Amino acid sequence: SFGKRAWRNWYRRLMVAELLNIATVDHKNALRFSRALQIQLDYVMAHEACLLHDVIKVLDDIGDDPRNHTSKKIKKSNLNTALTKALLNVNVGRILVQNSGTLNYFFHPDFRVSNNRTFQLFGDIWVIGSVYMFTPSENFINSQAHAQNSILRQALGPGRFLTRLLTGGREEFVVDDTKAIAQNLAAESTGFEASMRAQYGNHAGREKVNQFRRENRLPTDESVVRTFIGSPSSTMINNGVVHVLRALANHWEALNSIPFGNFAHQRMEQLNVNVILRFHMPVVLMTLANLRGWNYWDSAVLGPFITELMNLRPGVNMNAANELLNKLNQTIIDNVCGGIYSRSEPFQRWITQMRVANELIMTEKDKVVTIVSSVTSGIESGYKLAKTVDWVVPDDDVMVRSIIQHIKLDAVKKKLRNHNGERLIDEENGTLDANQAGSALQDMDQEEIGPAMKIAGGSISSIVSFVQKDLSKRQKTGMTDHLVKRAMNALRPRDKRFLIELVNKGHEEIRAAKLLSRRVGTLLKREMRRARLDARIKELSRGSVATEMIEDEWYIVDRTEDDGSTTELGSFQFRTRRSSTSDVLFINRSGKEDRFDANSHVFRKFIPIGEAIVRAQKAFMVIELDLLKRFAYASYMEFSDLREDLIKLQILSGVNCYFLDDARLDVLSHIKNHSSTQVSWRDLKPG
């Protein structure tokens with residue numbers, strides 16, 4: 001529609017625009033935006049993850065080129081192309097818009113610190129003060145900003161993007177609502193603490209947060225660590241900088257000291273040094289500097305150092321991060337803390353634990369490299385598969401009409417599938433014996449054929465013609481009867497029977513029928529995409545014709561028909577070839593012997609694409625279960641030599657189809673048939 005095209009075009013123009021002194025997506029914003037988007041890869045389907053990856057890849061290229069070796073025109077063109085494709089998908093478009101709040105649209109924090117006196121003057125202007133002001137003080141709240149935010153919240157409405165933008169992200173939703181306890185419990189993801197402070201002021205807002213925690217028995221330190229990841233500034237202001245720094249130092253020390261990590265930790269509690277330095281440390285330093293008062297040192301020393309933090313890019317090791325930590329410990333902490341020991345001591349402990357984490361992650365990196373390098377072929381094959389498969393499915397309305405039509409014609413097609421022992425209809429190939437179909441339908445009673453007559457017409461000939469058109473249409477769209485049945489079987493049996501009864505009685509327009517038919521439509525989309533994956537993997541698994549066969553190797557057997565066409569019979573394990581006859585002996589997947597005549601069959605090499613993808617997916621599970629007990633998955637993505645493979649592996653984890661299910665069984669079968677290895681207790685290692 002025009003409205004959808006309009007907002008997509010507006011959003012793309014905003015992303016490639018230049019506002020005041022920075023481009024919307026310059027190298028600093030590109031680093032922020034790409035890290036925000038990569039978190040969403042776990043929560044979308046494979047084809048949506050591929051669209052996100054295209055955007056992330058362009059952002060990585062921009063982030064790795066701060067000095068503009070590639071012209072801005074080329075960067076804008078690449079970003080515009082990636083966004084154009086990504087915005088066509090509804091879910092990906094929502095993710096892009098929701099994470100656009102992480103960008104700095106006008107000025108970066110380092111620029112604000114380096115020009116702190118100028119921005120302090122801007123903060124005194126009523127109209128733009130809420131956008132350009134520094135972090136409110138813990139002890140001296142900015143009453144002007146509090147009043148402005150309250151006015152804007154009432155004028156624009158809470159929870160809207162424009163409201164969050166003009167109030168600095170401090171008006172996310174109305175928090176004084178007893179019916180919203182569920183969303184308030186997840187303070188780290190909703191901005192609950194910041195909203196309380198913004199609506200009631202520092203003191204009253206903090207009292208309300210503490211009261212809420214007491215009533216709902218929330219673990220304070222654990223909540224502080226998680227909330228800090230989502231909104232570091234408001235967490236430090238609301239809970240006190242000393243308490244937050246101590247909680248962070250204790251948490252990092254606890255994770256580093258555990259020999260094998262702790263799998264029970266939530267993802268926001270896992271460690272990621274580069275992300276902390278690049279995104280959270282500038283906010284921590286600005287908050288501490290604001291508490292002790294801005295001065296010339298901040299603009300001369302702190303601002304350039306924050307620039308170094310924001311320019312931290314992925315590398316092959318942690319040397320760049322260690323250099324920043326050393327500089328932070330030697331020249332920044334004491335001054336930014338104002339000589340207050342209760343702030344500098346936990347801050348220094350936190351920095352020390354970051355250096356310890358850098359040493360530990362280098363050891364863990366070697367394990368990840370070993371795992372990833374062993375499944376490189378599976379990663380590339382699976383990623384190419386996800387990129388080349390046609391994921392586009394018909395609209396929801398088309399899906400629902402197809403499902404309703406399938407239900408009403410099901411009784412007719414069931415009759416044609418078995419008429420006096422003959423099959424008059426082939427739904428898989430879309431063929432129908434129209435000459436005999438009419439006489440077959442004459443035997444059906446009025447109750448069975450009634451739903452088909454309502455949509456096709458009152459005569460038998462019109463029903464036959466309608467069924468023939470329906471078969472042809474389903475062949476073109478891919479919504480075959482087999483896939484519709486599989487989607488309906490995924491419903492609860494009671495819901496399936498209820499939907500069939502409603503449709504056959506002509507009640508498909510009532511609310512219950514619409515709800516169930518839309519649910520089947522969603523399941524049908526999944527089945528169609530899985531069927532296309534199956535077909536594509538089968539196509540890629542077919543190798544060249546085998547002239548010589550090797551024992552125990554797998555081959556695809558095709559039967560040659562009378563008309564010269566071939567029909568695939570499946571994959572079989574070669575055993576031997578008879579010298580006296582043309583028979584070839586194979587072992588099928590169930591372990592039984594099968595003989596095929598070499599004169600009437602063609603044997604092709606079997607390329608184990610499915611098994612390679614399954615092994616790569618298993619590698620992803622091994623990394624998640626064994627190596628994410630201390631560090632986040634994204635922390636390994638900060639290594640430039642691992643980043644691309646790990647993102648592809650994450651995308652590949654969301655690829656599922658029935659062919660891959662069979663491939664998993666094949667892998668288990670290979671393991672079962674493989675000769676067992678004797679393991680002594682002396683070979684066992686701790687962990």
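The values are calculated or read from the model by the stated rules, or taken from the named source; none is laboratory data. What you see is a predicted model; the values in this text were computed from it and never measured. Don't worry about glycine lacking a Cβ; one is built from the backbone with ideal geometry, like all the others, and counts go over all protein chains shown. Each accessible area value is taken on the protein alone, full model and side chains, heavy atoms only, with ligands, DNA and RNA left out. Shrake-Rupley method; radii C 1.70, N 1.55, O 1.52, S 1.80 Å.
Overview of results
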read-out	value
Efficiency of FRET from Cβ geometry, D397 and A6, R₀ 35 Å, rounded to 0.05	0.95
Rounded, prolate or oblate (a/c below 1.5 giving rounded, otherwise prolate when a/b exceeds b/c) for segment 425-547 by Cα gyration tensor	oblate
Segment 1-100 - Rg (one decimal) and Dmax (whole number), Cα, Å	13.0, 40
Mean ellipticity per residue at 222 nm, deg cm²/dmol - from DSSP H runs of n ≥ 4 across the chain, formula -39500 (n - 2.57)	-19000 deg cm²/dmol
Virtual paramagnetic centre 7 Å along Cα→Cβ of A512, amide N under 20 Å, in segment 457-492	488-492
Accessible-area value, H203, 1.4 Å probe, nucleic acids and ligands omitted, Å²	140
FRET efficiency estimate (nearest 0.05) - Cβ-Cβ, R313 to H203, R0 30 angstrom	0.15
Carbon plus sulfur fraction of accessible area for the chain, probe 1.4 Å, in percent	52
Relative contact order of segment 294-362, pairs being alpha-carbon contacts under 8 Å that are 6 or more residues apart, as %	31
Rg [Å, one decimal], Dmax [Å, integer] - segment 611-650, C-alpha atoms	10.3, 30
The chain, dipole about Cα centre (Lys/Arg Cβ +1, Asp/Glu Cβ -1), debye to the nearest 20	1400
Mean Cα-pair separation over length for segment 546-687, i.e. relative contact order, pairs under 8 Å, 6 or more apart, %	17
Spatial separation of Cα centroids for segment 229-308 and segment 324-380, in angstrom	12
Neighbour cut-off at most 15 other Cβ (10 Å), DSSP loop, trypsin sites (Lys or Arg not before Pro), segment 46-80	R67
Debye intensity ratio I(q)/I(0), log10, the chain, q values 0.07, 0.09 Å⁻¹ (C-alpha model)	-0.65, -0.96
Inter-probe distance in nm under a simple model that places probes 7 Å from Cα toward Cβ, at F260 and K327	4.0
Accessible surface, per residue, of the chain when the full set of protein chains is kept, probe 1.4 Å, Å²	50
Estimated distance in nm for a label pair at T388 and I500, the labels positioned 7 Å out from Cα along Cα-to-Cβ	4.0
Residues in segment 496-529 that a label on E447 would reach, taking backbone N under 19 Å of a point 7 Å out along Cα→Cβ	497-507
Residue (of F574, Q38, V225) at the positive-pole extreme of the chain, dipole from beta-carbon charges	V225
Using a Förster distance of 30 Å, the FRET efficiency for V369-K85 (Cβ separation, nearest 0.05)	0.40
Spin-label pair T522/Q154, simplified geometry with 7 Å Cα→Cβ offset, distance in nm	4.0
Cα gyration tensor, segment 333-405 - rounded (a/c under 1.5), prolate or oblate	oblate
Farthest positive-ward along segment 310-452 dipole, Cα basis, beta-carbon charges - from M444, I332, V372	I332
